[in-house]
Amino acid sequence: MPKPLSEGQQRFVFGVLVVVLVAFGIYLSIGGFRGDGAQSEQQADGEQGGEQNTDSEPAAPPSPIPTTATEDMQVLDWLPFAEDELKAAAATAQGFAAAYGTIDYSESPEDYYSSMEDLATKEYAKTLARSSGAGAYWEEMADKEAVAEGRADVQEIRGFDDESVVFLVTAQSITEGDDGATEELGEFAVTVVSEGGEWRVFDFQPADAGNLGEG
């Protein structure tokens, strides 16, 4: 069993502890153990300095896009079709409208429809007599025992997308004979699409029906 300290020894040990604690307190008060904090402050200062350096770098000069003078604009380059493609599409629309106005009552209605079916898509050809009004027009002209030649002319492009074009076409029907007359059939919206490498009519409606090529 250890021998207990005498009263004098206890006082001596207590005095030493007091001196150590006082010295430790003085050390802390004058900045001891500030290494990490100082280092963090230096890093923060360095980062701020870096940001200031970044801000001081010169901005990149502007890079304006080239512009085209109005007189030099190539309008056809903005369309998804070449000029020759548009002409071929317009010819199909025009030919279909002319076929619509061409009737010989002495022939069968199937012969009348076939001239339009040759210019139509496969799906539209199946419903052409009903959906285009050709059936009703045939009956009207057959009752008159009329033989008529259809004519048509493209007036403008109403709309287009990457696969189709909608043309506004004026059509008329000129009846043969002594009492022949010219019948203005009106304006039609004719939608043509590319099918099998050729332009085909996808829809044919009076222009005021608002045909936008949706069939």
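The values are calculated or read from the model by the stated rules, or taken from the named source; none is laboratory data. Computed from a prediction, not measured in an experiment: that's the story for all the values here. Cβ coordinates were reconstructed from backbone atoms using ideal geometry, including for glycine residues, and neighbour counts include every protein chain displayed.
Numbers for the structure displayed
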quantity: Positions within the range 198-210 being modelled with pLDDT under 85 and under 24 Å from the mean Cα position of the chain (by Cα), in sequence order; calculated: 210
quantity: Count of the range 174-186 residues which are part of a strand (DSSP E or B) and either over 40 Å from the mean Cα position of the chain (by Cα) or surrounded by fewer than 17 Cβ atoms within 10 Å (Cβ to Cβ) (or both); calculated: 6
quantity: Residue among 156, 149, 163 that alone is surrounded by fewer than 19 Cβ atoms within 10 Å (Cβ to Cβ) and either without any contact (Cβ under 8 Å) to a residue 24 or more places away in the chain or among the aliphatic types (A, V, I, L, M) (or both); calculated: 156
quantity: Which listed residue is among the polar types (S, T, N, Q), at negative phi and surrounded by 14 or more Cβ atoms within 10 Å (Cβ to Cβ), from 74, 94; calculated: 94
quantity: Condition met for residue 126 (in contact (Cβ under 8 Å) with a residue 24 or more places away in the chain and exposed (fewer than 15 other Cβ atoms within 10 Å of the Cβ)); calculated: no
quantity: Among the candidates 104, 118, 143, residue that is acidic (Asp, Glu) and in contact (Cβ under 8 Å) with a residue 24 or more places away in the chain; calculated: 104
quantity: Boolean, residue 132 is more than 30 Å from residue 78 (Cα to Cα), surrounded by 12 or more Cβ atoms within 10 Å (Cβ to Cβ) and hydroxyl-bearing (Ser, Thr, Tyr); calculated: yes
quantity: Candidate set: the range 85-131, residues that are closer than 21 Å to residue 163 by Cα, not acidic (Asp, Glu) and not in a helix (DSSP H, G or I); chosen: the one farthest from the chain's Cα centre (by Cα); calculated: 119
quantity: Any pair with Cβ under 7 angstrom, 6 or more apart, that starts in the range 73-96 at a residue that is of a type in the set (D, E, K, R) and ends at one that is loosely packed, with under 12 Cβ neighbours inside 10 Å and in a helix (DSSP H, G or I); calculated: 83/76
quantity: Verdict on residue 101 being in contact with a Ser or Thr (Cβ under 8 Å, 6 or more places away or on another chain), closer than 23 Å to residue 209 by Cα and of a type in the set (Gly, Ala, Ser); calculated: yes
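Each row is one residue, and each column tells you yes or no for (1) over 16 Å from residue 103 (Cβ atoms); (2) modelled with pLDDT of 95 or more.
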site: 170; (1), (2): yes, yes
site: 174; (1), (2): no, no
site: 192; (1), (2): yes, yes
site: 196; (1), (2): yes, no
site: 212; (1), (2): yes, no
